[in-house]
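What follows is a single structure, written as structure tokens, with notes after it.
Just so you know, all these numbers are worked out from the coordinates, no wet-lab data involved. Every value quoted in this text rests on a predicted model; they were computed, and no experiment measured them. Counting neighbours? That spans all protein chains shown, and the Cβs are built from the backbone with ideal geometry, glycine included.
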There are 2 protein chains.
Amino acid sequence: MGSVSTQVTLAKERDNATFDPNLMDLFINGEAWVNTRNKILDVVRKQPEIFDMSDIYFLNREGEVEKLLKQEKRVAELIQQKKLTDDDAMAITYIQDASGPYRLHRGMFMPTLERQATDEQKKAFLEKARNYEIIGCYAQTEMGHGSNVRGLETTATYIQETDEFEVDSPTLTSTKWWIGGLGVAATHACVMAQLIIKNKNYGVYPIVVPIRSTVDHKPLPGVSVGDHGPKMGFNGVDNGFVNFDKVRVPRFNLLQRYITVDNQGNVTIPSDVDPRVTYSTMVYVRSNIVNIMGKELSKAVTIAVRYTSVRRQFGDDPNKSENPVLDYPIVQYRLIPLVAKTYMMLGMSHEFYANYERCRMAIEKNNDFSLLKEMHAVSCGLKKWCSDTTVYGIDTCRHVCGGHGFSLFSGLNTAFANLYPNIIWEGDNFVLAQQTARYILKVAENSMNSSPIESDDPTSQIFKKFKYDLPKRKISNNKLWNSEITPQTVVSNEQLLLNILAYKVAHQAYTLATKINVDKQSWNDSLVADYMTRALSEPLNREKMGDELREQIFKRYIEPVTKYAKL
Amino acid sequence: MGSVSTQVTLAKERDNATFDPNLMDLFINGEAWVNTRNKILDVVRKQPEIFDMSDIYFLNREGEVEKLLKQEKRVAELIQQKKLTDDDAMAITYIQDASGPYRLHRGMFMPTLERQATDEQKKAFLEKARNYEIIGCYAQTEMGHGSNVRGLETTATYIQETDEFEVDSPTLTSTKWWIGGLGVAATHACVMAQLIIKNKNYGVYPIVVPIRSTVDHKPLPGVSVGDHGPKMGFNGVDNGFVNFDKVRVPRFNLLQRYITVDNQGNVTIPSDVDPRVTYSTMVYVRSNIVNIMGKELSKAVTIAVRYTSVRRQFGDDPNKSENPVLDYPIVQYRLIPLVAKTYMMLGMSHEFYANYERCRMAIEKNNDFSLLKEMHAVSCGLKKWCSDTTVYGIDTCRHVCGGHGFSLFSGLNTAFANLYPNIIWEGDNFVLAQQTARYILKVAENSMNSSPIESDDPTSQIFKKFKYDLPKRKISNNKLWNSEITPQTVVSNEQLLLNILAYKVAHQAYTLATKINVDKQSWNDSLVADYMTRALSEPLNREKMGDELREQIFKRYIEPVTKYAKL
């Protein structure tokens, strides 16, 4: 039985490429990222005694935290020496495939100070944080309270006599929980607490609480703090808990950009702060997730495509080498759509960043919030779809690698485990699906009720184009099909394909809206979300589309794709 | 804000049960298992210094193997003292949620000797294995060869001069790979090798090869053996590799129940051995997986249902405690069908064992293999469906537990990781789906072509009952709906529901067969498998069913169920 070496096989596969991979890298990742990546690779390679990861799979939880803490220390030194930026530090996380104990210091603590601290407070906290003199964490989630932020139990009560706030955890369930960086590293926590002044509850605000001594790193009086122990993944980050027993901090520590409290307990909330601005932050965080998901899935499909090119199994001719498993439809069917989706996610993230910028400028310049609602709904849907696709896409990559995918050395298991929280954090995917589905349904219902659609966002445009004729129970507009359909027109006419997809969205949303409003079927939010998620993931329904022209489109362009990709 | 203690909440939920859980335990698990479980729990509880698992999540891979080896040692002693049976030892694995280094010694090495060794060989190897004087493993898979057993490269060549076999790994890819128990524990391997005698290749046969000294446990000359390193899960088992450099063993070591070789190199293969018997073994192994999957999913849903009963989030009245998340449709929708499926899997496994027994008796008593083909197809489908349902069901349980599910302490992460190989081993699930789909399609095609269906197995009975009228392109028989449809008749008439489901199978299979054979669409095995898997998992299609009676059935009995369960 013949055998073919890995090098020969891979070289042959690579020769099949119709493009220059370096140009593609520049095109999809952009020059800035390519430069950052090269800079970081150089740092990492030059200091293997610190950044080498070859023993990572052999370590237990403690060993992993210790290893990454050592790396964080070096990164902090390089930042202090101005040899690295904060963005570079985040890029190291990506290159090393491992988040360390300072991740949330950079990712949450400093950005919160940036946004919510006054200039004086920035001087006191942010400058020290930037210089790694203090290490912070962002303490919002409690043992008993995740999605329901208003239900947080931790209190910060103003004590006028001493001009202090008393931070307290009144119950076990009010213990701050899952806080990244808190288990081992943090000296300070930005604590989200119910702000109580003169017996009045002002809602949840952030307050900076020192938790460990900057001298000997011991917990400060009244602070019970510790590490969460081993997790499914993300084990280099020291998620931890903290419980406060009436801990006093100066009034100064309440972040006062959006609320001010004077030494008489008088509260001022600036009138020019629109609470909808916080939505805009959530939208931004989710758009980041979309980009990261695209990048991470690209790692996994690279591993899986390389492996399935090299791995051979079965063949017709015993005198020849067996067939690469990538040549079997059972593998292509699962893997090739994932390759396409990585490109799609990266493209979508660029597009979405641009839309976000447009939306942000409209808010900042003209106080125009009209784009925000749709932006929010789209960010929920994108975050859900991209994180599901990446996490379970990595699972598919692992599965096509068979037994070899089960070894930690495949890299796919830690990737799956480390990225898994993306389907939970920043809004659980099931909750987010409801938000998006409810939004689409509402626009569809407005359109059906012939109430004018005032907004001009892309979703509204779809439903304006494809209005619903309620008496006839069908979409009235049919302009979609006016252009002549040949392979050439479709390939060169992106708008036509977009129209087909838009038609599909409108069709599915109207169908659901009809079931609920006209046929009076009983649906709850979960079923609505599930219906929309399934409906939009299924191939276009030929029977519903009707005339011969549509049939042609379907046969020529949709079916061949959906057979593999289930668009 | 009020708060409700865990004890109070759980007691209240338990009071809602309409049955005695102990009786249910007996009913679904059977008295034998309940007794074994109690016996094992007693052993485990009495020796916490050995069997306590509370530190398991803190250990790295080496620590985990060492811990479980200590437990295996104690189990072996208890077996030697006749205080435990081999079955008890397997039950410990279940109770402890952890497989150890001797798992494959008991699960594969001894059963192979049992089936394929002569009485003399049993005396030499099996007795010592039972007494733990030797520890064995089953070495079939190679680095380059998994599903394609005929492609194994390891050779066992008869050397007449010394009356020995020379076992050799001619290439890197021929290295035995993923062999449980081989990394650390095994002294002997049952090696599957190409049997070569006088330059003739007789195919793959098992041969016992000593690999480590029973004196100092060092690898024997010519044997390169080691551990696989860390894996996604199953880390208490020492999967390992071994490479043979022309290792000689006596002719006696070739297991000679199904082939005999004398000292002149004459080969005899008994004429009464039907190769189809090996199918029967595969069917049995898969039926075991179905049972295990039901038991393991029941652990996960217990954790998730308890947690979501206790976990509260959001509520309408700020003076009352928040609502248990189990009360939300978004959670019920995902969790309750899984609870139902655990019962279903356990029930199915009992039913399938009984069918297997019937099939086995027919073979043994009357040499009647007529039931085996369908049995094989059903076992493939069941194994695929049950392992997918359990592995991804555990994932759903983890997801509904939110952040808390991500902690190893939830138990759900190790369960997911340890059970994951069930979708790969004993036939990869994607390959098995093809086998089942192809079988159903073939029976449907036979029925359409009006060739008589000779077999009388349950699948054939479905297609006999619902014959296809090719010119009319519909199922001709309509007797399904003859009985009067009221809630009472359906609840008391199990046959009616079975008929509905059977109708669905027939309908979907005929639809697919028509696409392929009549409409000449191009389908490959992967697409066929995917179509059947999706089609059978989707709710019954109301539109396709037609008349008013069917509509009634659908509205009353199918829709309410499928809304939640997606039958």
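If you average the sequence gap of Cα pairs under 8 Å that are 6 or more apart and divide by the length of the range B:6-98, what percent do you get for the contact order?
Values: 28 pairs, mean separation 27.8, N = 93.
Relative contact order, the range B:6-98: 30 percent.
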Can you run phi through the Karplus equation (6.51, -1.76, 1.60; θ = phi - 60°) for the range A:132-144 and list ³J(HN,Hα) in whole Hz, with x for Gly and Pro? 6, 6, 10, 10, x, 9, 10, 9, 10, 3, 10, 3, x
Would you grab the residues whose amide H sits under 5 Å from the one on A:GLU426? Only those 5+ places off in sequence or on another chain, please, with H modelled 1.01 Å from N. none
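Among A:LYS365, B:LYS504, which comes first, then next, by fewest other beta-carbon atoms within 10 Å?
Numbers: A:LYS365 8, B:LYS504 22.
Going from least to most buried by this count: A:LYS365, B:LYS504.
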Shortest-first distances to equivalent copies, position B:ASN367, nm, label 7 Å out along Cβ: 9.5
How do A:MET232, A:MET53 line up, fewest other C-beta atoms within 10 Å first? A:MET53, A:MET232
Between A:ALA189 and residues 5 or more places away or on another chain, the pairs with built amide H atoms under 5 Å apart involve A:CYS137, A:VAL209, A:ILE211
Local electrostatic count at B:THR171 - Lys and Arg +1, Asp and Glu -1, tallied over other residues with Cβ under 11 Å: -3
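Report the Stokes-Einstein translational diffusion coefficient (µm² s⁻¹, integer) for the range A:419-458, Rh taken as the Kirkwood radius over Cα pairs, at 20 °C with viscosity 1.002 mPa s. All intermediate terms of the calculation are to be shown ahead of the outcome.
Values: Rh = 11.9 Å.
Approximately 180 µm²/s, per Stokes-Einstein.
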Tell me, what is the FRET efficiency for A:GLU494 and B:GLN160 to the nearest 0.05, using R0 = 51 angstrom and their Cβ-Cβ distance as r? 0.10
Name the residue farthest towards the positive end of the dipole of the protein assembly as shown from the options A:SER99, B:ASN243, B:ALA300, assuming +1 on Cβ of Lys and Arg, -1 on Cβ of Asp and Glu, about the Cα centre. B:ALA300
Hydrodynamic radius by Kirkwood for the range B:234-297, inverse mean 1/r across distinct Cα pairs, in Å, is 16.2 Å
Would you order A:LEU408, A:LEU501 from fewest to most other beta-carbon atoms within 10 Å of each residue's own beta-carbon? A:LEU501, A:LEU408
Per residue of the range A:165-172, in order, report the coupling 6.51 cos²θ - 1.76 cosθ + 1.60 (Karplus, θ = phi - 60°) as ³J(HN,Hα) in whole Hz, putting x for Gly and Pro. 9, 9, 8, 9, 10, x, 9, 4
Please list 3J(HN,Hα) in residue order for the range A:526-535, calculated via the Karplus relation 6.51 cos²θ - 1.76 cosθ + 1.60 where θ = phi - 60°; whole Hz, with x for glycine and proline. 5, 5, 4, 4, 5, 4, 5, 4, 5, 4
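Could you work out the relative contact order of chain A, using alpha carbon pairs under 8 angstrom and six or more residues apart, expressed as a whole percent? Walk me through the intermediate numbers first.
On the way: 784 pairs, mean separation 59.3, N = 567.
Once normalised by length, the contact order is 10 percent.
With N residues in the range A:133-268, what two-decimal value do you get for its Cα radius of gyration over 2.2 N^0.38 Å?
Working: Rg = 14.6 Å, N = 136, 2.2 N^0.38 = 14.2 Å.
Dividing the Cα Rg of the range A:133-268 by 2.2 N^0.38 Å gives 1.03.
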Step through the table entries A:LYS341/A:LYS383; B:LYS474/B:LYS504; A:LYS515/B:LYS472; B:LYS442/B:LYS465; A:LYS442/B:LYS320; A:LYS73/A:LYS128, compare each Cα-Cα distance with 20 Å, and write down the pairs that go over it. A:LYS515/B:LYS472; A:LYS442/B:LYS320
So, how do all the Cα-to-Cα distances of the range A:297-379 break down into 10 Å bins, in percent, from 0 on up? 15, 28, 18, 16, 12, 7, 3, 0
Overall Cα dimensions of the range B:1-120, principal axis frame, Å, largest first: 71, 37, 23
Could you list the square roots of 5 times each eigenvalue of the Cα gyration tensor of the protein assembly as shown, that is, the equivalent ellipsoid semi-axes, sorted largest first and rounded to whole Å? 51, 40, 31
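DSSP loop (so not H, G, I, E, B), at most 15 other Cβ within 10 Å: list which chymotrypsin sites (Phe, Trp or Tyr not before Pro) in the range A:1-80 pass both filters. Spell out each step's value before the answer.
Working: sites: A:PHE19, A:PHE27, A:TRP33, A:PHE51, A:TYR57, A:PHE58; in loops: A:PHE19.
Those that pass, being in a loop and sparsely packed, are A:PHE19.
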Extend 7 Å from the Cα of B:TYR353 along its Cα-to-C-beta direction; within the range B:266-303, residues with backbone N under 18 Å of that point are B:281-299
Taking every eigenvalue of the Cα gyration tensor of chain A, multiplying by 5 and rooting it, what semi-axes result, largest first, whole Å? 44, 35, 20
Determine which aspartates and glutamates satisfy two conditions relative to B:LYS218: a Cα distance under 18 Å, and not lying fewer than 8 residues away in the same chain. B:GLU66, B:GLU133, B:ASP227, B:ASP238, B:ASP245
In terms of modelled amide H atoms, which long-range or inter-chain residues lie less than 5 Å from the amide H of B:GLY226? B:PHE241
Hull-based mean projected area of the range A:128-201, where the convex hull spans the alpha carbons, in square nanometres: 6.0 nm²
Go from 0 up to the bin containing the longest alpha carbon distance in the range B:226-365, width 10 Å each, and give me the % of pairs per bin. 9, 18, 20, 22, 14, 8, 5, 2, 1, 0
For n ≥ 4 DSSP H runs only, could you compute -39500 (n - 2.57) per run for chain A, divide by its residues and tell me the 222 nm figure to the nearest 500? -16000 deg cm²/dmol
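Could you quote the convex hull projected area for the range A:277-426, Cα atoms only and averaged over all directions, in nm²?
Values: hull surface 38.2 nm².
One quarter of the hull surface, i.e. the mean projection, equals 9.6 nm².
Relative contact order, percent, of the range A:157-222 when contacts are C-alpha pairs under 8 Å separated by at least 6 residues?
Numbers: 73 pairs, mean separation 16.3, N = 66.
For the range A:157-222, the relative contact order is 25 percent.
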Taking a crude spin-label model, label points 7 Å out from Cα along the C-beta direction, the B:MET53 to A:GLN80 distance in nm is 4.6 nm
